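Notes follow once the structure below has been shown.
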Amino acid sequence: MAADKVDPIHQFHINKLIPIEIGGYDLSFTNSALFMVATVVVAAAFLFLTTSSRSLVPGRLQSVSEMAYEFVGNMLRDAAGTQGMKFFPFVFSLFMFVLVANLLGLFPYFFTVTSHIIVTFGLAALVIGTVVVYGFMKHGLGFLKLFVPHGVPVFLLPLVVLIEVISFVSRPVSLSVRLFANMLAGHITLKVFSGFVVSLSALGAVGVAGSILPLAMAVALTALELLVAFLQAYVFAVLTCMYLNDALHPGH
Amino acid sequence: MAEKKGPDGTGETGRGKEHDAEIRDDDLERRRRELGASLATRLPNRLEGKDDAKPVTGYGQAIKLSSEFIAGVVVGAGIGWIIDRMAGTSPWGLIVFLLLGFGAGVLNVMRSAGVVAEFGQGAKPRRDRDDGK
């Protein structure tokens with residue numbers, strides 16, 4: 001690797017692969033878009049190919065797909081009840097997209113889609129938009145009861161309702177910031193430690209011996225990043241389930 | 001009349017008092033159990049949500065709580081700024097909503113840490129989720 005490539009932020013740069021401009025808007029196909037497409041293709045191909053045989057006794061890969069299905073299904077049932085199962089396709093797609101995007105980002109030279117806040121914020125806005133639209137559709141104005149806690153004195157109510165509304169609006173922000181910050185911080189740390197290995201080993205024999213420590217650190221961090229990739233996809237899906245539960249049962 | 005109030009020289013009163021105390025103990029025990037039960041319904045069920053179902057690293061916990069808090073403050077400030085822009089009340093909207101956002105951030109963190117009840121659950125004990133509502 002060249003010395004200028006050690007820059008830890010370089011990996012997050014967006015390059016235009018196919019410049020497209022429609023009506024003054026820049027709609028170029030970028031490397032981020034390429035990896036989003038790759039994520040969708042990989043996830044869909046994996047699920048389709050592993051379940052196409054439909055054997056009664058699942059093989060290894062088929063049971064991975066079934067486990068993913070069961071995992072998300074149980075999560076949704078626990079958090080939102082059986083009524084929440086009508087949102088299963090939505091939650092499952094979100095979970096698979098985030099998970100596969102995180103895992104693809106772990107490959108060297110690959111772009112991590114979820115390390116850009118606009119992507120994670122788009123996903124979170126989709127979740128909260130679903131919650132708000134479905135909540136008003138199902139309960140009408142009764143959905144607003146969500147913002148009025150029981151047993152609050154009347155003269156405190158305006159203040160409490162305002163705080164509850166701000167707290168509600170901040171949910172998609174914190175949801176997206178959490179995923180984005182985890183992926184960004186993890187990849188920068190990984191890059192910095194790998195950069196130490198490169199620059200230390202350029203110093204000769206002593207440097208090569210000294211670079212063993214950051215190398216071990218980079219290996220350990222890769223394992224940690226794998227865990228974080230799973231955990232963040234799980235957290236994103238669980239929180240989605242809990243928000244959907246609010247849309248289904250606002251009076252609780 | 002005063003005669004009746006005095007001790008009658010037997011073990012009666014002592015036993016009576018002991019009996020009283022027993023009742024009070026029972027009562028106290030029962031009320032303590034009830035309080036525990038109602039507290040359990042008000043606190044969010046730890047097993048069902050968030051990432052604290054599993055032991056997470058301190059780093060994960062830090063990012064979780066700080067993102068909750070920052071989101072509250074940022075959204076509060078954003079709402080205040082928009083109100084100022086629309087109504088021309090600068091800087092009062094920003095000041096008021098920044099403080100409200102601070103409150104919301106603290107609420108978010110406490111909710112996320114499982115110290116206060118979830119949205120809309122207030123003082124009402126949580127009912128079964130599948131009651132067809």
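Here the mean projected area of the convex hull built on the C-alpha positions of the stretch A:27-84 is 6.2 nm².
For the stretch B:57-71, accessible area lost to neighbouring protein chains reaches 50 Å² or more, against the chain alone with a 1.4 Å probe, at B:TYR59, B:ILE63, B:SER67. Here the sum of -39500 (n - 2.57) over DSSP H runs of 4 or more residues, divided by the residues of chain A, equals -24000 deg cm²/dmol at 222 nm, to the nearest 500.
Accessible-area rank, largest first, for A:HIS116, A:HIS13: A:HIS13, A:HIS116, with all protein chains present and a 1.4 angstrom probe.
B:ARG24 contributes an accessible area of around 150 Å² to the protein surface, as traced by a 1.4 Å probe with all chains present.
Using every alpha carbon pair in the stretch A:123-252, what percent of pairs falls into each 5 Å bin from 0 up to the bin containing the largest distance? Bin by bin from 0 Å, the calculated values are 2, 9, 14, 13, 11, 10, 8, 7, 6, 6, 5, 4, 3, 2, 0. Each label was represented as a point 7 Å from its Cα along the Cα-to-Cβ direction; for B:TRP92 and B:ARG33 these points are 5.6 nm apart.
Among A:GLU21, B:GLU34, A:GLU66, the order of accessible area from largest down is A:GLU21, B:GLU34, A:GLU66, computed with a 1.4 Å probe on protein heavy atoms. Both chains summed, the buried accessible area for B and A stands near 3400 Å², from protein heavy atoms and a 1.4 Å probe.
Here the accessible area is traced with a 1.4 Å probe on the protein chains. For chain A, carbon and sulfur cover 76 percent of it. The amide H of A:LEU17, built 1.01 Å from its N in the peptide plane, has A:PHE29, A:THR30, A:ASN31 as neighbours under 5 Å, considering only residues 5 or more places off or on other chains.
Largest first, the three principal axis extents of the alpha carbons in chain A are 73, 55, 46 Å in whole numbers. One Cα centroid belongs to the stretch A:194-216, the other to the stretch A:74-95; the line between them spans 48 Å. The mean count of C-beta atoms from other chains within 10 Å of the C-beta of residues in A:148-154, rounded to a whole number, is 3. Using a cutoff of 8 angstrom between alpha carbon atoms and counting only pairs six or more residues apart, the relative contact order for the stretch A:2-248 works out to 26 percent. For the stretch B:85-104, a drop of 10 Å² or more in accessible area on going from the chain alone to the assembled protein chains (1.4 Å probe) is found at B:PHE97, B:LEU100, B:GLY103, B:ALA104. Per residue, chain A exposes 51 Å² of solvent-accessible protein surface, assessed with a 1.4 angstrom probe and all protein chains in place.
Highest GNM mean-square fluctuation among A:THR130, A:THR30, A:THR114, for chain A modelled with Cα contacts below 10 Å: A:THR30.
Roughly what % of Cα-Cα distances in the stretch A:87-180 sit above 18 Å, to the whole percent?
Numbers: 2553 of 4371 pairs.
Tail fraction, whole percent: 58.
Taking a sphere under 13 Å around the Cβ of A:GLN62 and counting the other residues whose Cβ falls inside, with K and R at +1 and D and E at -1, yields a net charge of 0.
Working from label points 7 Å from Cα in the Cα-to-Cβ sense, the A:LEU159 to A:VAL57 distance is 6.7 nm. Potential lengthening of the chain between A:PHE29 and A:VAL64 amounts to 9.4 nm, from the contour at 0.36 nm per residue minus the alpha-carbon distance. For peptide B:72-82, the mean count of partner chain Cβ atoms within 10 Å of a residue's Cβ comes to 4.
The values are calculated or read from the model by the stated rules, or taken from the named source; none is laboratory data. Since this is a predicted model, take the numbers as computed values, not measurements. Positions of Cβ are generated from backbone atoms using ideal geometry, with glycine treated the same way; all protein chains shown enter the neighbour counts. Note: accessible area is taken over every heavy atom of the protein model, side chains too, but ligands, DNA and RNA are not part of it. Shrake-Rupley method; radii C 1.70, N 1.55, O 1.52, S 1.80 Å.
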